[in-house]
Amino acid sequence: MAHHTVKQGHIDLVERINRFPQGAPPSELLYRILEMLFSEREAELVSRLPIKSFSAEQAAQVWKMPVDSARVVLDELAGRAILVDIESEDGFTYVLPPPMAGFFEFSMMRVRDDLDQKVLAELFYQYLNVEEDFIKNLFTEGETQLGRTFVAETSLPIEGTLEVLDYERASRAVESADHIGVGICYCRHKMDHLDRACSAPMNICMTFNNSAASLTRHGHARTVDTAECLDLLAEARERGLVQFGENVQQRVNFICNCCGCCCEAMIAARRFGHLHPVHTTNFLPWTDAERCTGCGKCVAACPVEAMTLVSANDPQKPKRKAARLDEEMCLGCGVCVPACPEGGITLVPREERVITPVDSVRRTVAMAVERGTLQHLVFDNHAVASHRAMAAVFGAILRLPPVKRSMARGQLGSRYLDRLIEWNEGRTHSA
């Protein structure tokens, strides 16, 4: 429960944040974080914004103020990376991102003098790494998660015996992006303020497309070209970092280059690995028992402790060790492959293919269905939703597997959706 000095605007903001499929459990720490990022008036205004993207005109209607005044507020919030502003031929639209990946990270992606980032880092650490409720809520609820692991491309067999799809490669996310921004790694920046940061590169947090356009526009990230970003990916692989990014096939908005000691996704994967907090790649490392010397370098390289050393059960050498993989914990990132000095580790396909949502709308709808928050996404009456946005949401519902479509129907209780699903199923059967 919040302490007695919390203002109503921040209480309303927490309620608004928790209409996202990935919310933020209330606690005194959360309120203190939000009080640093939002004034009471800003919190009250933002609490009334819709989940889906909206225009300045729609915000003005909700806030009951002139459009020009609303636009000033929106641009101020976008300038501080609270909102993401998206430019199109028709002007700007705005969206409030979730805390992660969103305005929590954005607040630490550059050095700022308008915030006490040391205090903020300490609050983030306590809220995310000590209390744990937020991390559990973010990474372990439902089957569909926010992020996924990209395979280390240099760890793939040269002979090309594995089927690797374009969207499984981080390089493809870079090459297909229309905007690229690079900022400070939120996780290591936070740990640096606590004197716990490792030596991994700091200026290596990547954003793409709409997120990159907004963050670079307001100075929270710097614009880089494709070649420089690919060089940074290569540097991250050489440093044994895991490339963890948005769990979509198309228009990926972020890729983090994660270490096992600082990065929240890797920490969650270690703590809650058997709950599958991070979507894995479609690959697993296979160790050649004849080449394995038990040196332990693959164990040290693994960021989630999926590799361990056990007895090799060699009667001739009773002290000999060998590497053993916990497949349930393994991300399939491939950082262990170059770590083996004997070349004894190769990537092989998983028995069951991992499904990656096509785009952010389909992922968000799947997450909302699994977490029982679909009604917030559809019946978002804080602003008038566009026909295009609603069509995208209902289209994503129609593409869900049958069990999840049934869950969606139960959550919404919408006769329109019932008829739409029945029509779509009838058309599918007749085809």
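The values are calculated or read from the model by the stated rules, or taken from the named source; none is laboratory data. Computed from a prediction, not measured in an experiment: that's the story for all the values here. Heads up, the Cβs are rebuilt from the backbone with ideal geometry, glycines too, and the neighbour counts pull from every protein chain shown.
Within segment 131-141, one or more residues are assigned to a loop (DSSP other than H, G, I, E, B) and either in contact with a His (Cβ under 9 Å, 6 or more places away or on another chain) or within 30 Å of Arg172 (Cα to Cα) (or both). Within segment 385-409, residues that are within 12 Å of Ala368 (Cα to Cα) have Cβ atoms under 6 Å from residues that are modelled with pLDDT of 75 or more and not β-branched (Val, Ile, Thr) in these pairs: Ala396/Arg362; Ile397/Ala408; Ala408/Leu374, counting only partners at least 6 apart in sequence or on another chain.
When Ala366, Ala339, Ala391 are checked against the criterion of being at pLDDT below 90 and among the small types (Gly, Ala, Ser), Ala391 stands alone in meeting it.
Across segment 108-121, the number of residues qualifying as touching a residue at least 40 places away in the same chain (Cβ under 8 Å) and surrounded by fewer than 16 Cβ atoms within 10 Å (Cβ to Cβ) comes to 5. Only strands (runs of 3 or more DSSP E) whose full extent lies in segment 280-395 are considered here, and none of them has at least 1 residues that are crowded, with 16+ Cβ neighbours inside 10 Å and among the acidic types (Asp, Glu). Looking across Gln61, Gln8, one residue alone is in contact (Cβ under 8 Å) with a residue 60 or more places away in the chain, on the phi < 0 side of the Ramachandran plot and surrounded by fewer than 17 Cβ atoms within 10 Å (Cβ to Cβ). It is Gln61.
Taking the criterion of being part of a helix (DSSP H, G or I), surrounded by 14 or more Cβ atoms within 10 Å (Cβ to Cβ) and at pLDDT below 85, the residues of segment 396-406 that qualify are Ala396, Ile397, Leu398, Arg405. Can you confirm whether Glu235 is under 25 Å from Phe124 (Cα atoms) and either of a type in the set (Ser, Thr, Tyr) or touching a strand residue (DSSP E or B) at 6+ places or on another chain (Cβ under 9 Å) (or both)? Here the answer is no, as Glu235 does not meet what is asked. Among the residues of segment 89-106, not a single one is surrounded by fewer than 19 Cβ atoms within 10 Å (Cβ to Cβ), polar (S, T, N, Q) and not assigned by TED's automatic domain parsing to the domain that holds Gly142.
Can you say whether Ala78 is touching an Asp or Glu at 6+ places or on another chain (Cβ under 9 Å), small (Gly, Ala, Ser), surrounded by 22 or more Cβ atoms within 10 Å (Cβ to Cβ) and in the same structural domain as Val46 (by TED's automatic domain parsing), as far as the supplied structure shows? I'd like the intermediate steps shown before the answer.
Numbers: touching an Asp or Glu at 6+ places or on another chain (Cβ under 9 Å): yes; small (Gly, Ala, Ser): yes; surrounded by 22 or more Cβ atoms within 10 Å (Cβ to Cβ): no; in the same structural domain as Val46 (by TED's automatic domain parsing): yes.
For Ala78, the condition - touching an Asp or Glu at 6+ places or on another chain (Cβ under 9 Å), small (Gly, Ala, Ser), surrounded by 22 or more Cβ atoms within 10 Å (Cβ to Cβ) and in the same structural domain as Val46 (by TED's automatic domain parsing) - is not met.
With respect to (1) in a helix (DSSP H, G or I); (2) β-branched (Val, Ile, Thr); (3) within 21 Å of Thr281 (Cβ to Cβ), the lone exception for Val151 is condition (1). Quick check on my filter: what residues within segment 124-175 are in contact with an Asp or Glu (Cβ under 8 Å, 6 or more places away or on another chain) and without any contact (Cβ under 8 Å) to a residue 12 or more places away in the chain? Arg172 - this is the single residue of segment 124-175 that is in contact with an Asp or Glu (Cβ under 8 Å, 6 or more places away or on another chain) and without any contact (Cβ under 8 Å) to a residue 12 or more places away in the chain.
Is it the case that some residue within segment 176-190 is touching a Leu at 6+ places or on another chain (Cβ under 7 Å), farther than 19 Å from Glu228 by Cβ and assigned by TED's automatic domain parsing to the domain that holds Cys259?
No, there is no match, as no residue in segment 176-190 is touching a Leu at 6+ places or on another chain (Cβ under 7 Å), farther than 19 Å from Glu228 by Cβ and assigned by TED's automatic domain parsing to the domain that holds Cys259.
Restricted to segment 1-97, the set of helices (runs of 4 or more DSSP H) holding at least 2 residues that are modelled with pLDDT under 95 and of a type outside the set (Ser, Thr, Tyr) comprises 8-17, 56-63.
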